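Novice: Structure provided below as structure tokens; questions to follow.
We did not get these values from a lab; they are worked out from the coordinates using the rules stated. Note that the structure is predicted; figures quoted are calculated from it, not measured. Glycine also receives a Cβ, built like all others from the backbone with ideal geometry; neighbour counts cover every protein chain displayed.
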Amino acid sequence: MTELAQEGSIKKKKAVEPQDDADQDLRAGAQSGGKKLRLTLVEDEQSLLFGFQQTLKERGVKNFELGDIVAEALATIPKEWWDAKVEEITPLEWKLHAALENPDMREKLMSLLNGQK
């Protein structure tokens, strides 16, 4: 994890950078066959992740892989949460297109557009 920038005294912008396969295999707890993702996290000093990282540093823990820890934390989120999030951020245009491809939904949508119940 590389610190990219600091915004004021309360926000830190961090990037989780992928590592090559050789480095990944050497890490303790490396997961084989996983897809590497690159993302940017913006955490303030009140966040749980920031506090977790600070606690590890205070306790002298070195060479911990924050990416592995975050991946483990993400794995505890139930599938229902991910499904609900997908529905929440799916554009209306996609939902309309999917409805038009389904014959039953297309019929219901056409009835609704024609003013029928």
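Novice: What do you get for chymotrypsin sites (Phe, Trp or Tyr not before Pro) in the range 30-73 restricted to DSSP loop and a cutoff of at most 10 other Cβ within 10 Å of the site's Cβ? Provide the component values of the computation, followed by the final result.
Specialist: Working: sites: F50, F52, F64; in loops: F64.
Passing both the DSSP loop test and the Cβ count: no residue.
Novice: Additional query: List the pairs from K79/K108; K36/K79; K36/K57; K35/K95 whose alpha-carbon separation is above 23 Å, in the order I gave them. Present the calculation step by step, with values, prior to reporting the outcome.
Specialist: Details: K79/K108 29 Å; K36/K79 20 Å; K36/K57 25 Å; K35/K95 28 Å.
Those over the limit are K79/K108; K36/K57; K35/K95.
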